[in-house]
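Data block below; observations after.
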Amino acid sequence: MSLTQLRLDDQAYGAFIRDLEYKEQQVRKIMYPEKKGANPKYFPTETLSVPWAETSSFTLSDVVGGEFELADDRTTNLSMVEVTGEKVTQGIYQFRKGYEISEKEIARHLHLGIPIEERKIEAVQQLYINTLNRLVLFGHAPKQLPGILNHPAFLRMAAPYPLDETSNESQMLATLSAGGQAMWDASKQVHTPSTLLLPPAKFRYLTEQVRLGTSANDTTILQFFLKNNMSIKNIDYLAELEGAGPSGEDVALYYTRNPSHCVVRITDAMRYRDYIKKPFGIQRPVAFDYNGIFAYQPYSVLLMYGI
């Protein structure tokens, strides 16, 4: 039995498509397991609408020019500020997926009123989140697009002491403080991190088990650190930091959630394309264009290995 025999005329087809688009909108509102790399709350994301673009560029910034100069009434010349640095051009790559609705599914919905199956639509949405999360955190090696956790421009250091039972409270506090201090020193007192992300096991250990005292009511290591350090205001966990080091060691990530420092660029947001009629159903293509990590201020991100 063909789509024509099922009387999928323009009116019926249009009605089915409207129902399907409504279902897609509802599915996109569903709460999915959190993937923090795909969440702009954790890593600022710049979404453009330039589907024709093939590349875009940015500059690894280094501001020079000295301080302002004292002026008097005879001052006529001005020294100019300059922004120097390496210009980086990155390719834009399209990532695609899709789902298919069979003619029997269409017939059951149109003639019997059976709701449209949403599992395929849910799968597309979840796979988009998974893909974007992987791209943001680890990049795409075949296309030479680095991610947050392997970007060559970012600062790196070894942890002074591990964040586990082999270290005492003072040593663990020294490790937590070392990342911000290293960034401050490397950037010549320009950048300090406001956010620290830890592997979940280390986050739980410092939050639930290690306390500055012997009572259950005593302050935890992370509470004390948040209250007394100079820059970190947010501490959270990121599952992908476990074993993310080059030798499989755990990693801590120090940075500031500032799009002028580092931003994820998407040049064409994920969107559903026009339906394609096939002999035994219809296909719904989905795609988005990804441009990678734009590290405007590379010294504003630091990775600490061996925590």
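If you check Lys227, Lys233, which single one turns out to be surrounded by fewer than 17 Cβ atoms within 10 Å (Cβ to Cβ), among the charged types (D, E, K, R) and within 22 Å of Tyr42 (Cβ to Cβ)? Walk me through it before giving the result.
Numbers: Lys227 fails: within 22 Å of Tyr42 (Cβ to Cβ).
Among Lys227, Lys233, only Lys233 is surrounded by fewer than 17 Cβ atoms within 10 Å (Cβ to Cβ), among the charged types (D, E, K, R) and within 22 Å of Tyr42 (Cβ to Cβ).
Look at the range 156-182 and say how many of its residues are assigned to a loop (DSSP other than H, G, I, E, B), crowded, with 20+ Cβ neighbours inside 10 Å and out of contact with any Lys or Arg (no Cβ under 7 Å at 6 or more places or on another chain).
Filtering the range 156-182 down to residues assigned to a loop (DSSP other than H, G, I, E, B) leaves 159-168.
Add one more test, that the residue is crowded, with 20+ Cβ neighbours inside 10 Å, and what stays is 159, 163.
Next, from what is left, pick out any that are out of contact with any Lys or Arg (no Cβ under 7 Å at 6 or more places or on another chain): 159.
The total comes to 1.
When the residues of the range 1-55 are filtered to those that are of a type in the set (Gly, Ala, Ser) and in a helix (DSSP H, G or I), which remaining residue is modelled with the lowest pLDDT? Walk me through how you get there before you give the answer.
As a first pass, look at the range 1-55 and keep what is of a type in the set (Gly, Ala, Ser): 2, 12, 14-15, 37-38, 49, 53.
In the following step, the residues that additionally are in a helix (DSSP H, G or I) were identified as 12, 14-15, 37-38.
Working: Ala12: 70, Gly14: 75, Ala15: 78, Gly37: 93, Ala38: 92.
The qualifying residue modelled with the lowest pLDDT is Ala12.
Taken together, the residues in the range 58-95 that are part of a strand (DSSP E or B), surrounded by 10 or more Cβ atoms within 10 Å (Cβ to Cβ) and at pLDDT 65 or above amount to 8.
Of everything in the range 259-286 that is in a strand (DSSP E or B) and small (Gly, Ala, Ser), the residue that is surrounded by the fewest Cβ atoms within 10 Å (Cβ to Cβ) is Ala269.
The set of residues in the range 183-202 being part of a loop (DSSP other than H, G, I, E, B) and not hydrophobic (A, V, I, L, M, F, W, C) consists of Ser187, Lys188, Gln189, His191, Thr192, Pro193, Ser194, Pro199. Only residues that are touching a Lys or Arg at 6+ places or on another chain (Cβ under 6 Å) and closer than 24 Å to Glu24 by Cα were counted across the range 273-303, and they come to 4. Take the conditions (1) polar (S, T, N, Q); (2) exposed (fewer than 15 other Cβ atoms within 10 Å of the Cβ); (3) under 14 Å from the mean Cα position of the chain (by Cα); Asn133 misses just one of them, which is (2). Kindly check whether there is at least one residue in the range 228-235 that is in a helix (DSSP H, G or I) and over 30 Å from Arg271 (Cβ atoms). Checking the range 228-235: at least one residue is in a helix (DSSP H, G or I) and over 30 Å from Arg271 (Cβ atoms).
Return yes when Asp289 is farther than 30 Å from Ala174 by Cα and assigned to a loop (DSSP other than H, G, I, E, B) and no when it is not. Break it down into steps so the answer makes sense when it comes.
Working: farther than 30 Å from Ala174 by Cα: yes; assigned to a loop (DSSP other than H, G, I, E, B): no.
Answer is no for this residue.
Each residue in the range 201-247 was checked for being modelled with pLDDT under 85 and either assigned by TED's automatic domain parsing to the domain that holds Leu135 or of a type in the set (Asp, Glu) (or both), and 2 of them qualify. Among the conditions (1) without any contact (Cβ under 8 Å) to a residue 24 or more places away in the chain; (2) touching a Ser or Thr at 6+ places or on another chain (Cβ under 6 Å), Gly180 misses just one, which is (1).
The values are calculated or read from the model by the stated rules, or taken from the named source; none is laboratory data. Every value quoted in this text rests on a predicted model; they were computed, and no experiment measured them. Because the Cβ atoms are built from the backbone with ideal geometry, glycine has one as well, and the counts that use them run over all protein chains shown.
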